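Please treat every number below as a calculation from the coordinates, not as lab data. Here the structure is a predicted model, which is why all the values come from computation and not from measurement. Here the Cβ positions follow ideal geometry from the backbone for every residue, glycine too, while neighbour counts run over all protein chains shown.
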Amino acid sequence: MFHIFDRYLLKEVIFGWLAITIVLWLVLISNRLVRLLADAAAGDIAASVVFKLLGLKMVWYMVHIVPFALALGVVLGLGRLYRDNEMTVMSACGVGTWRIYKPLLGFGLVVAMALAWLALFVSPEVQRVSHRLTLMAEEQADFTLLGAGRFNEIQNGQLTFYAEKLSADKQSMENLFIVVKQKGKKDGKLPQLLTAKSAYRKRDAGSRDNFLVLVDGYRYEGRPGDANYRIAKFSEYGVRIELPGSDHIVDKREGTPTADLMKSGNLKDIAELQWRIMMPISVIVLMLLAVPLSKSSPRQGRYGKLVMAVLLFVIYYNLMGVAQVWVKDGVVPPVIGIWWVALLPVLLTVVLLRSDRLLCRLRRKQ
């Protein structure tokens, strides 16, 4: 059972944690939603899957937000108690540093275990589902970008086409012609003119390249003004096209099951595994650092220590990214890996706590 002090302390921390989490979540989700809507408007992905992809991304955001939001919640919650002299009164009643850490670490362990489950098992599955859904969305993407009733130039002007109209579902074109220009004078390729009754978009399963498949048409090959040209009739003819913004860089390793990463000796797999494990560890080490960072006097500003905490946590997160790259590139052996980053907040916590005790002793002597 929690004592009254424990409940009061956790109430302050949890309130700040939830507030920060919601704000950060909304910022990241809004940014992601804008990008997804832009892709849908460009015809890169189907509009029907926008909110599905957004919902899946929310889980990934939670894994990365929680450790830092919880630490900032501690800084906010305890900082208010220090500014209102409540911690001074509690200290006079015998509440020491360990008494403050006790409920916080208990709650932090619960959060860390929940986050470990998300980072090690749920998030990889979500990434796999998101990747499959993205590929399906690209397959279902319409011709919004390649508008009908106007001339369209893509691939740096090497390909020009005109389509009379789009189908009702925007998945195919009708009555179109395409001009494939000669790329260079020395490549030996002749300009082509393609006409077709209809066309539809197709993505190659292996290479992920986009193709415009023409149905029931003719291919004219030759130089304008020359009588020597060739005509060929076709039932289907594929033209490779490059659509702006159609390439999605997806790190498939983020969707690899944790069990598979543990069996792998690949440095990139090891770096990904250590990153996942570091997320729940970060909950504890950042909470340790947040307690001495929150200590302030009533005269200090409300957000002075918060700004310092944000800077330290951002540095910590960036160091994790740098350490992960070092492991991938073989600069740091896997034994050292990313773990050394977790030691920095612990060492800084010890320094801050000891310096605080030293200052207290000096004041007593004076």
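Couple of notes before you dig in:
- Vicinal HN-Hα couplings computed from phi for region 11-25 (Karplus, 6.51 cos²θ - 1.76 cosθ + 1.60; Hz; Gly/Pro x): 4, 5, 5, 5, 4, x, 4, 5, 4, 5, 4, 5, 5, 5, 4
- Highest average packing first - 331-337, 174-180, 265-271, Cβ atoms within 10 Å: 174-180, 265-271, 331-337
- Residues whose amide H falls under 5 Å from that of Ser172, counting only those 5 or more places apart or on a different chain, are Ser167, with hydrogens built in the peptide plane.
- Working from label points 7 Å from Cα in the Cα-to-Cβ sense, the Asn175 to Leu33 distance is 4.1 nm.
- Segment Tyr220-Gln158, extension gain: residue separation times 0.36 nm, minus the distance between their alpha carbons: 20.7 nm
- Per-residue HN-Hα couplings for region 192-204 [Karplus 6.51, -1.76, 1.60; θ = phi - 60°; Hz; x = Gly/Pro]: 10, 10, 10, 10, 7, 6, 7, 7, 9, 8, 9, 10, 5
- Efficiency of FRET from Cβ geometry, Ile315 and Asp209, R₀ 41 Å, rounded to 0.05: 0.50
- Summarising the amide proton neighbourhood of Tyr229: residues at separation of 5 or more, or on other chains, whose placed amide H is nearer than 5 Å comprise an empty set.
- Val110 paired with Arg132, simple spin-label distance in nm, labels 7 Å along Cα-to-beta-carbon: 3.4
- Amide H to amide H distances under 5 Å link Asp209 with Asp204, where only residues 5 or more positions off or on other chains count and H is placed in the peptide plane.
- Packing-based ranking of 282-294, 229-241, 190-202, 17-29 yields 282-294, 190-202, 17-29, 229-241, ordered from highest to lowest mean Cβ neighbour count within 10 Å.
- HN-Hα J in Hz across region 348-353 - Karplus 6.51, -1.76, 1.60, θ = phi - 60°, x for Gly and Pro: 5, 4, 4, 5, 5, 5
- The label point for Ser264 and the one for Val331, both projected 7 Å from the Cα toward the Cβ, are 2.1 nm apart.
- Here His3, His131 are placed in order of increasing Cβ neighbour count within 10 Å, fewest first, which gives His3, His131.
- Environment charge at Met58 (Cβ cut-off 12 Å; Lys +1, Arg +1, Asp -1, Glu -1): +3
- FRET efficiency, Phe234 to Val322 (Cβ-Cβ, R0 45 Å, nearest 0.05): 0.25
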